[in-house]
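Read the structure below first, then the notes.
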There are 2 protein chains.
Amino acid sequence: MSDLALHLPQRLDDEARAQLFTDARTANTFAETPVTDDELSEIWELARWAPTAANFQPLRVVYVKTPEARERLAALMSEGNREKTLAAPAVALLAFDSRFHEHIPTIAPFRAGIVPTLEEDEGMRTGMASFNSAIQAGYFVLAVRSLGFAAGPMGGFDKAGVDAEFFADGRLHSTLVVTIGHPTENSYRDRMPRLEHSDVVQWV
Amino acid sequence: MSDLALHLPQRLDDEARAQLFTDARTANTFAETPVTDDELSEIWELARWAPTAANFQPLRVVYVKTPEARERLAALMSEGNREKTLAAPAVALLAFDSRFHEHIPTIAPFRAGIVPTLEEDEGMRTGMASFNSAIQAGYFVLAVRSLGFAAGPMGGFDKAGVDAEFFADGRLHSTLVVTIGHPTENSYRDRMPRLEHSDVVQWV
């Protein structure tokens, strides 16, 4: 009997589902408690296992740690996101690798035949990398929450500016900035409304 | 004291983290056990609460339930995905709403000022909807797993064909097909390798 047979999935308990989804909230401020490098590495150790198309894994994660790098990033955030970026215990800059196809022979050898096509077609690469790295960004946010942290994802920043500042060789393209820390009871604003079930879910 | 103060997040236990990430796997086949409409609705009841940029929530979920609709979808899947699409207990067709901005006055009234710009600029809408619906697709996959199901996300299908067949008015655009069911010990192939930590995570 394989290990998998021993671990057929169960419905997570109410508390776990609440923490991941129904009670979870985007944090605007955090407790002073630091987030260690080991804890930040562990976020990736979870998120890395969730699936991507053909296993191509285009997401890259840059933890912006030094005060100098944090200032450089904050200067390129939208005004309302600057203070949050400076003050958070940890900040992840998420990006996609426009040359992810270089890893295909190692991570998806059964798809090695597509590498020359991808080398030629930057638009195709960008489309695949953008879509799949965004799915991985969703996994990343929930991995943060799985470890008992709160996340503050922010799309409001000068992406071309950040790419020029942090990814001067043109290979990586920034997509999202995520603050990470331990929340406090004052970390949250009121939750905004969600669409009605009937506006989102259809049956055919 | 607010409810939030009573529910500051914890590290999920080993079993929950394993089920969501480290032990979880994409399923190619499923047990015969059906997945009920209530269970499918509950997936969305979880996933809907995870965050999107400015709360715009562009993802739409179409459960392809009738045998006739399932056949129409399967015919537009890549050859290797057809049998899986026909045989799965449940199939979700994920799409983004290219006119998500019509909901902004209700779900994000503080951003109502952007509605005229979005009405004019279809490219801007498509970019925002595509990126944020992909993040939501990541949440959706993990919501499936949170309820004890396995997911089989598939990007290999004729997207223009599916849009013409299922979304003839041009409003929705398909992005991903996700099979859903209870896994068995035979549901999985060997797991493919993941990138090294040092290929993904950087510190600056």
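The values are calculated or read from the model by the stated rules, or taken from the named source; none is laboratory data. These numbers come from a predicted model, not from an experiment. In this analysis, Cβ positions are derived from the backbone assuming ideal geometry, glycine residues included, and neighbour counts consider all displayed protein chains. When the accessible area is computed, the model is the full protein with side chains, heavy atoms only, and any ligands, DNA or RNA have been set aside. Shrake-Rupley method; radii C 1.70, N 1.55, O 1.52, S 1.80 Å.
Taking the criterion of being among the hydroxyl-bearing types (Ser, Thr, Tyr) and either crowded, with 19+ Cβ neighbours inside 10 Å or more than 9 Å from chain A (Cβ to nearest Cβ) (or both), the residues of region B:103-133 that qualify are B:THR117, B:THR126, B:SER133.
Against the list (1) open to solvent by 10 Å² or more (accessible area, probe 1.4 Å); (2) at the interface with chain A (Cβ under 9 Å from one of its Cβ atoms); (3) without any contact (Cβ under 8 Å) to a residue 24 or more places away in the chain, the condition B:GLY138 fails is (1).
The set of residues in region B:96-131 being assigned to a strand (DSSP E or B) and of a type in the set (Asp, Glu) consists of B:ASP97 alone.
Scanning region A:173-204 for residues that are over 21 Å from B:ALA53 (Cα atoms) and under 18 Å from the mean Cα position of the chain (by Cα) returns a single hit, A:HIS182. Of the residues making up region B:72-102, those that are crowded, with 20+ Cβ neighbours inside 10 Å and either among the β-branched types (Val, Ile, Thr) or in contact with an Asp or Glu (Cβ under 7 Å, 6 or more places away or on another chain) (or both) number 4.
Scanning region B:162-204 for residues being out of contact with any Phe, Trp or Tyr (no Cβ under 8 Å at 6 or more places or on another chain), closer than 30 Å to A:THR66 by Cα and open to solvent by 40 Å² or more (accessible area, probe 1.4 Å) gives a total of 3. The condition of being open to solvent by 10 Å² or more (accessible area, probe 1.4 Å), hydroxyl-bearing (Ser, Thr, Tyr) and closer than 17 Å to B:ALA143 by Cα holds for only one of B:THR66, B:THR36, that being B:THR36. Every condition in (1) in contact (Cβ under 8 Å) with a residue 24 or more places away in the chain; (2) surrounded by 18 or more Cβ atoms within 10 Å (Cβ to Cβ) holds for B:PRO9 except the one numbered (1). Against the numbered list (1) within 26 Å of B:ALA27 (Cβ to Cβ); (2) open to solvent by less than 50 Å² (accessible area, probe 1.4 Å); (3) more than 18 Å from the chain's Cα centre (by Cα), A:ALA31 comes up short only at (1). Summed over region B:141-170, the residues that are within 11 Å of another protein chain (Cβ to nearest Cβ) and over 22 Å from B:SER78 (Cβ atoms) give a count of 7.
Where helices (runs of 4 or more DSSP H) fall wholly inside region B:1-95, the ranges with 3 or more residues that are over 30 Å from A:PRO153 (Cα atoms) and within 11 Å of another protein chain (Cβ to nearest Cβ) are B:67-74.
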